[in-house]
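Data block below; observations after.
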There are 2 protein chains.
Amino acid sequence: MIIRHYTEVEEIIPEEQGVNKVKMRRVIAEKEGAENFVMRVFEIEPGGNTPLHSHTWEHEVFILSGTGIVVDQLGENEVKTGDVVFVPGEEKHQFRNPGDKPWEFICLIPMRK
Amino acid sequence: MIIRHYTEVEEIIPEEQGVNKVKMRRVIAEKEGAENFVMRVFEIEPGGNTPLHSHTWEHEVFILSGTGIVVDQLGENEVKTGDVVFVPGEEKHQFRNPGDKPWEFICLIPMRK
């Protein structure tokens, strides 16, 4: 069993194109022995965003703190603490923080095998 | 894309033996289109617990609010908001709330195929 506070896990600045003011921690991943899915904690700073993109794999998201915008094909959706978001594979999506406070959420993905 | 507050999802009282004062919501599961892993939100009331057991699949846990005890082979571990717990498959574990406030956490499991 591994137990630790999520802030003890190294912070990564994703370098993918279109990622802006985003920090990520891979809190439960290969290194910890996970074999099926990966838990990441994201922080998007005010004015930050992920790219508007799609991919084959899904996202399972839980909003930890703050508010933000999740964009889908139909437009913008405001989300708040305690909201849950399921983004199926192949669906276009973007996470944006237009506010003035950091926005934190958990985002899980299947392990790429 | 599905977006909703976790409290909008139906609450289930697990009926498994050894489960005491526990409520569960399957917030992202088969019904939502998940194919690889399931997100559940648990609330353990004061004095409640899950059974001390093991199984083939892993748990990926994030503590949302409150404090509680996670038991492993070596004994009791106190956890608090923001702690992350990885329980590998086949490892004995139990979740207990000896406090006087509800304890909430996310617990993900792989889909049983």
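Bear in mind these aren't lab numbers, they're just calculated from the coordinates by the rules spelled out. Since this is a predicted model, take the numbers as computed values, not measurements. Cβ placement follows ideal geometry from the backbone for every residue including glycine, while neighbour counts extend to all protein chains displayed.
A few points about this structure:
- Shielding by partners for peptide B:34-43, expressed as the average number of C-beta atoms from other protein chains within 10 Å of each residue's C-beta, is 4.
- Cα gyration tensor category, rounded, prolate or oblate, for the range B:63-113 with a/c compared to 1.5: oblate
- The range A:52-93: GluC sites (Glu not before Pro) falling in loop per DSSP and having at most 12 other Cβ within 10 Å: A:Glu90
- Annotation: amide H of A:Glu58 within the under-5 Å range of A:Gly89, sequence separation 5 or more or interchain, hydrogens built in the peptide plane.
- Residue list for the range A:40-58, given a label point 7 angstrom along the Cα-to-Cβ vector of A:Glu16 and an amide N cut-off under 17 Å: A:40-45, A:48-58
- Taking label positions 7 Å along the Cα-Cβ direction at both A:Lys92 and B:Arg112, the computed distance is 4.0 nm, reported to one decimal.
- Inter-chain neighbour count for B:78-85: the average number of beta-carbon atoms from partner chains within 10 Å of each residue's beta-carbon is 5.
- Teacher prompt: A:Asp100 distances to equivalent labels in other copies, 7 Å Cα→Cβ, nm: 3.9
- 5 angstrom amide H check on B:Asn77, placed H, neighbours 5+ away: B:Val70, B:Val71, B:Asp72
- Residue mean of other protein chain beta carbons inside 10 Å, B:27-33: 4
- Gyration tensor verdict on the range B:4-113 (Cα atoms; rounded if a/c is under 1.5, prolate if a/b is larger than b/c, oblate otherwise): oblate
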